[in-house]
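The values are calculated or read from the model by the stated rules, or taken from the named source; none is laboratory data. Source: prediction; values computed, not measured. Positions of Cβ are generated from backbone atoms using ideal geometry, with glycine treated the same way; all protein chains shown enter the neighbour counts. Quick note on the areas: whole protein, heavy atoms, side chains included, nothing else; ligands and nucleic acids left out. Shrake-Rupley method; radii C 1.70, N 1.55, O 1.52, S 1.80 Å.
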Amino acid sequence: MLDVIVLIAMAVTAAAFAAGLVAHSGVALIPGVVAGAALYLVMAASYLMISRQTKATPVTTRLQELEEALEIIDGDLQRIDRVEDDVARLDLLTDRVERLDQTVSSIGTGDLGGVPSRDGKLSEAFEQVHARIEGLRADLEGEARNQRDKIAGDLRMLEGMIKELSRELAATAKAEAAAPVVSSSSGFMSEARPEPVQEIETETFAVYDVDVEDAEHALMEEEIIVRQAEDRPPAGDMLNVLNDAIEGGRVDLYLQPIVTLPERKLRYYEGLTRLRSASDEIVMPRDYLPVAERERLMPIVDNVLLVKSVQLLRRLRSDSRVKGVFCNIAVQSLLDPDFFPELVEFMEENSGLSESLIFEVNQPGILALTRGELSCFDTLGALGFGFSLDHVGDLDIDFAGLRDRSFRFVKIDAKTFLHDMKEKGAALSASDMKAYLEGFDLKLIVEKVEDEADVGKLIDYGVELAEGYLFGEPKAMTPQLVRELEDADAA
C-alpha cells in the first residue's frame, strides 16, 4: 500500500513539473509532457530499486547468520576429531600397558626362568595406571557426548534459521509479485503477474558415521541435507521417537550369539538395533522399522549398525573366538542412491574385515529386486564381503544364484526346519538340507531356537550353527561386554 501511495505522489509531482514547464517556461505541450513522464520514470525506478534492496536486507542478514552457524558446527566437528585422536592414543597406550603387565605376570609365574615374582608395589603401580586409563576414557566419553549434544543443538538452531529464511524469502517474493510496476510500453502502471513461490523446508540428519560406546571413532561426519518440499505429512509419535533417537545418538547395537552345536560355543554374533527413547525406554524393531521404512530412514539406522559392528570387529583379536558379525541391512539402504556409494567407499576402507563382516538381508526383500538392482550384491561381493539370507519362508530358492551373488549363509528358523518342511512336502528333508546347501558353498544356520527339545533334533540332523534365545538373548554392546570378550580371548 505504501508503494502505491509513493508512486501516486511521484506522478502528481511529475505532472506539476510538466505543467510548470508549459505555463511558465514557454515549453510546448508535448515536450512538457515528455519531460514530466521522464521525471516520473526516473523517480519510480529509483524508488523501486531502493525498496527492493531494503527488503532484501533481512535475507542477507539471515545468510550471514547461517554462515556463522556453519562455522560453529565445523569447529565442533574439529573438536570431535581431536577427541577421536585422543581415544586412538589412549587405546595404543592401553595395549602397551596390557602387554607390559602380561610380560611381568609371565615373569612372576616363572615362565621366563623362574625370576622372582613382581612385588606388591609394582602390582599397585599397574593398578593405578589402569585406573588412570579408565578415568581418562570416561572423560573422553563425556567430552564426546557433550560435543555430540552440542552439535545436535546447533543443527536444530540451524534448521530454525533456514526455515525463518524460507519464510522471509516467500514473504519478499509475494510482496514483489503484488507490487505495481511501470510498463515499458507506456507511462501507466500495471499489475505484475505473480510467480509461484516454493518454500524451502529442511531435514537435518547426522549422516552415516556416528559415535560408538567407549568413545571410539567418535562422530566421523556430519552433514545437513536441505530438501525442497511444499508439504510434509504430520509426524506420528513413533516418527518423533525415531528422529529424536537418531539426533540424540540413541540408536544402539545389540548382539545375539550364534553358537556351534553340539558344543554351544560362541562362533558369531548377529548385530541388531534398538532405539532408546528420551526416557531410556527400549524401542523394539517391530515398533519402529515400519515407520523407518515408510519415511526412508533405514539407511541412517543401518549405518549406525554397520559402523558399530565395524568398531567391534576392530577391537577383537585375530584369533578371537568370535569369527564374525552378521550385520542386518535393509534392501532400501542398498538401493539408496546417496547411501550406497558411501557404503561402498566405507567398505573399501575396511576390506580387511571382509571375512568377518557378513551383510544379512531378508528373503522377501531379495525377491522384490529386479536383475539390475541385484548388482548391489555384486559390487560388495567384489570387495570380498559375503551375505546371509534371512527370514527364509520359501525353500524353492535358486541356491546357485545365491552362491554366485556372494551369499555364504542361509538362515532357516527352527519351526520351518523341523516341522514346516515336512508338512509342506518340501523336496528336501531336514536331514538333507545341510548337505545340500554345502554343495553350493552355503552354510546352514537354524535360528529362533527356543526349545531344549529341538536341540537334540538339530544335532541329529547334523546342524552345526544355531541361534536363539535358548543360547542367549541380544545384549547391548557396552564397554563392559567388549572387555569381557577381550578377556575371554586373552585367556
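General observations
- The set of residues from the range 427-455 being among the charged types (D, E, K, R), open to solvent by 30 Å² or more (accessible area, probe 1.4 Å) and not in a helix (DSSP H, G or I) comprises D441, K443, K448, E450, D451.
- Of the residues making up the range 304-321, just one is more than 15 Å from M477 (Cβ to Cβ) and either acidic (D, E) or buried (at least 23 other Cβ atoms within 10 Å of the Cβ) (or both), namely D319.
- Residue in the range 406-413 that is at pLDDT 85 or above, outside any strand (DSSP E or B) and within 25 Å of G352 (Cβ to Cβ) present: yes
- A single entry from G324, G352 fulfils the requirement of being open to solvent by 60 Å² or more (accessible area, probe 1.4 Å) and closer than 21 Å to F409 by Cβ: G352.
- Criterion applied to V482, V446 was being modelled with pLDDT of 90 or more and aliphatic (A, V, I, L, M), and the one residue passing it is V446.
- Output for the range 367-388, where each listed residue is open to solvent by 30 Å² or more (accessible area, probe 1.4 Å) and of a type outside the set (D, E): L367, A368, T370, R371, G372, L374, S375, T379, A382, L383
- Considering only residues in the range 469-491 that are touching a strand residue (DSSP E or B) at 6+ places or on another chain (Cβ under 6 Å) and closer than 15 Å to T260 by Cα, the one that is most open to solvent (accessible area, probe 1.4 Å) turns out to be F471.
- Each residue in the range 284-299 was checked for being open to solvent by less than 20 Å² (accessible area, probe 1.4 Å) and in contact with a Ser or Thr (Cβ under 7 Å, 6 or more places away or on another chain), and 2 of them qualify.
- For the range 309-346, a residue qualifies if it is of a type in the set (G, A, S) and more than 24 Å from R264 (Cβ to Cβ), and the qualifying residues are A330, S333.
- Criterion (under 29 Å from L90 (Cβ atoms) and either under 15 Å from the mean Cα position of the chain (by Cα) or open to solvent by less than 30 Å² (accessible area, probe 1.4 Å) (or both)) met by exactly one of L334, L357: L357
- Only one of V104, V83, V33 that is in contact with a helix residue (DSSP H, G or I) (Cβ under 6 Å, 6 or more places away or on another chain), within 24 Å of I133 (Cα to Cα) and either open to solvent by 80 Å² or more (accessible area, probe 1.4 Å) or at pLDDT 70 or above (or both): V83
- When the residues of the range 456-468 are filtered to those that are touching a helix residue (DSSP H, G or I) at 6+ places or on another chain (Cβ under 8 Å), open to solvent by less than 70 Å² (accessible area, probe 1.4 Å) and not in a helix (DSSP H, G or I), the one that is modelled with the lowest pLDDT is G462.
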